[in-house]
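K.L.:
What follows is a structure written as structure tokens; I'll ask about it next.
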Amino acid sequence: MTPLTVLIAGEEAAGLQLLRALAASPHRIAGVLATPDTAAGAPGGQGRSVHGAAVALGLPTLPAVRVRDPAFAAEMRVAGVDVLLNAHSLHIVCPEVLEAPRFGAFNLHPGPLPGYAGLDAPSWALVNGETTHAVTVHRMAAEVDAGPVAYTATFPIGPDDTALLLYTRTTRLGVPLLLKVVETLADDPDRLPVVPIPRQGRRVHRRRSPNGGWIDWHAPAAAVSAFVRAFDFGPFPSPWGTVRTLAGGVEAVPLRVRIGGRGSTAAPPGTVLAIAGDAAEIACGDGTVTVASLLIDGRRRPATDCLRVGDRLGAPPSLAIPPLLKATA
Amino acid sequence: MIPHPDLETSLMALFEGELSIDVPATDSDLLDSGLVSSVTFVELVMVLEERFGIQIPLDDLELDQFRTVRRIAALVEELTAQRAAA
């Protein structure tokens, strides 16, 4: 095994885990490209950032945006960088920087390719009703998320899984795959898998919430449930904002939406069919969902308090929701 | 299950040292207060798994189990006991 000289471009938990693992390994970290903390703390909230962790480890730090600068390639060559590892840093890396390291650059992508290129892959997978998801480590090319795959880990999506849980899983499974790339390159570079990504089926997703977050109650119950879970980051802010519906003319955020027990009903979609236990049962295009509570004006209220049988949930009349929730680029 | 006080102390140190989050007390609300964000939550899961040699069951996870250091200690203790019994 020949220790490598590694350059890290990282943010969030994936970047932190990668940095910590490599700092404890025999490999040399030439530098860390990351967003510095602001006066308010680490990017994305409190806690240690990748930048802060790199500083604490005594490693050289560079502005994350340097990966866009072709002139940076020459500096990387001088530093003898063997490989650039990208973990959740969202800057588009310029071709000169991608080609500067001896073994190129590798990216941790939180979704399967080619179907889930771009942003927010876990959320889009839920919206699209997928039953499995994956995390992919691939060599970076000039085209985003299009370079050949080295390693992939696939896992099932459970019926109650939220975007936060899928995101957590992709990080947990993905960081070891990036480390595996480093170990393979250090042992025998010829052993690293290079699996081209087919062009067919490529979809590049953007950070744009589908339907503006408005729930389409005409969709099947499974699709309504998945749509809500795609926005669900637990108690944390979702990159897509919140889901929305009108309840009695007031905008509300349904919380804890689960698939209900009934099949098709004659009631129009969005109708409150029953109040049972601690939840309200709502008619969908096919089947029902249960809603435990709603957020109205920033206050969480039990559905049993603010909904009545026969109420109708819906979207503003001016909003044309496409009949299918399929996500597109 | 009431977690061992030493475990709560270890977790408070972990928050301060590994996550750079100053938690006022073991019963401080980490979620509503914004002390833990979605990013630090993911980091927390991974650090707990590494530190205590446990596997946090994401398929069956209730975020309320992460609401306070005391509840996290109870979760860690439960998962550690399950691992020992396995």
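K.L.:
State all residues of the stretch A:234-257 that are at pLDDT 85 or above, within 14 Å of chain B (Cβ to nearest Cβ) and within 17 Å of residue A:284 (Cα to Cα); if no residue qualifies, say none.
P.N.:
Of everything in the stretch A:234-257, just one residue is at pLDDT 85 or above, within 14 Å of chain B (Cβ to nearest Cβ) and within 17 Å of residue A:284 (Cα to Cα), namely A:255.
K.L.:
A follow-up question, please. Can you find a residue that is part of a helix (DSSP H, G or I) and either modelled with pLDDT of 90 or more or within 23 Å of residue A:13 (Cβ to Cβ) (or both) anywhere in the stretch B:26-39?
P.N.:
yes
K.L.:
Let me ask something additional. Mind listing just one residue for me: the one in the stretch A:173-191 that is open to solvent by less than 50 Å² (accessible area, probe 1.4 Å) and within 19 Å of residue B:55 (Cβ to Cβ) and, of those, nearest to the other protein chains (Cβ to nearest Cβ)?
P.N.:
Residue satisfying both the conditions and the ranking: A:175.
K.L.:
Would you mind telling me which numbered condition in (1) assigned to a helix (DSSP H, G or I); (2) in contact with a Leu (Cβ under 7 Å, 6 or more places away or on another chain); (3) modelled with pLDDT under 95; (4) of a type outside the set (Phe, Trp, Tyr) residue B:73 fails?
P.N.:
Result: residue B:73 fails condition (3) only.
K.L.:
Select from the stretch B:56-71 the residues that are of a type in the set (A, V, I, L, M, F, W, C) and at the interface with chain A (Cβ under 7 Å from one of its Cβ atoms) and list them in ascending order.
P.N.:
Within the stretch B:56-71, B:58, B:61, B:63 meet the criteria.
K.L.:
Follow-up. Could you run through the stretch B:33-55 and say how many residues are facing chain A (nearest Cβ under 9 Å) and crowded, with 19+ Cβ neighbours inside 10 Å?
P.N.:
13
K.L.:
Next question. Could you look through the stretch B:3-25, keep only residues that are assigned to a helix (DSSP H, G or I) and hydrophobic (A, V, I, L, M, F, W, C), and pick out the one that is farthest from the other protein chains (Cβ to nearest Cβ)?
P.N.:
Per the stated criteria, the residue is B:7.
K.L.:
Among (1) farther than 30 Å from residue A:202 by Cβ; (2) open to solvent by 20 Å² or more (accessible area, probe 1.4 Å); (3) over 25 Å from the mean Cα position of the chain (by Cα), which single condition is residue A:31 missing?
P.N.:
It is condition (2) that residue A:31 fails.
K.L.:
Could you pull out every one of the strands (runs of 3 or more DSSP E) wholly within the stretch A:253-311 that has 1 or more residues that are open to solvent by less than 70 Å² (accessible area, probe 1.4 Å) and over 24 Å from residue A:236 (Cα atoms)?
P.N.:
A:272-276, A:279-283, A:288-296
K.L.:
Residue check: is residue B:29 surrounded by fewer than 19 Cβ atoms within 10 Å (Cβ to Cβ) and touching a residue at least 24 places away in the same chain (Cβ under 8 Å)?
P.N.:
Yes, satisfied.
K.L.:
State yes or no: is residue A:207 open to solvent by 70 Å² or more (accessible area, probe 1.4 Å) and touching a residue at least 40 places away in the same chain (Cβ under 8 Å)?
P.N.:
yes
K.L.:
If a residue counts only when it is out of contact with any Gly (no Cβ under 8 Å at 6 or more places or on another chain), open to solvent by 10 Å² or more (accessible area, probe 1.4 Å) and modelled with pLDDT under 95, which helices (runs of 4 or more DSSP H) contained entirely in the stretch A:41-145 have at least 3 such residues?
P.N.:
A:50-56
K.L.:
Tell me which residues, restricted to the stretch A:155-172, are open to solvent by 30 Å² or more (accessible area, probe 1.4 Å) and over 22 Å from residue B:47 (Cα atoms).
P.N.:
A:156, A:159, A:160
K.L.:
For residues that are of a type in the set (Phe, Trp, Tyr) and out of contact with any strand residue (DSSP E or B) (no Cβ under 8 Å at 6 or more places or on another chain), scanning just the stretch A:214-233, find the one that is nearest to the other protein chains (Cβ to nearest Cβ).
P.N.:
Checking each candidate, the answer is A:233.
K.L.:
Check off (1) part of a helix (DSSP H, G or I); (2) open to solvent by 10 Å² or more (accessible area, probe 1.4 Å); (3) within 23 Å of residue B:39 (Cα to Cα); (4) in contact with a helix residue (DSSP H, G or I) (Cβ under 6 Å, 6 or more places away or on another chain) for residue A:18 and give me the number that stays unchecked.
P.N.:
The one condition residue A:18 does not meet is (2).
K.L.:
For the stretch A:173-213, how many residues meet the condition of being in a helix (DSSP H, G or I) and within 18 Å of residue A:86 (Cβ to Cβ)?
P.N.:
Selection size over the stretch A:173-213: 13.
The values are calculated or read from the model by the stated rules, or taken from the named source; none is laboratory data. No experiment lies behind these values; they were computed from the predicted model shown. We place every Cβ from the backbone using ideal geometry, glycine too, and count neighbours over all the protein chains shown. The area values use the complete protein model at the heavy-atom level, side chains included, leaving out ligands, DNA and RNA. Shrake-Rupley method; radii C 1.70, N 1.55, O 1.52, S 1.80 Å.
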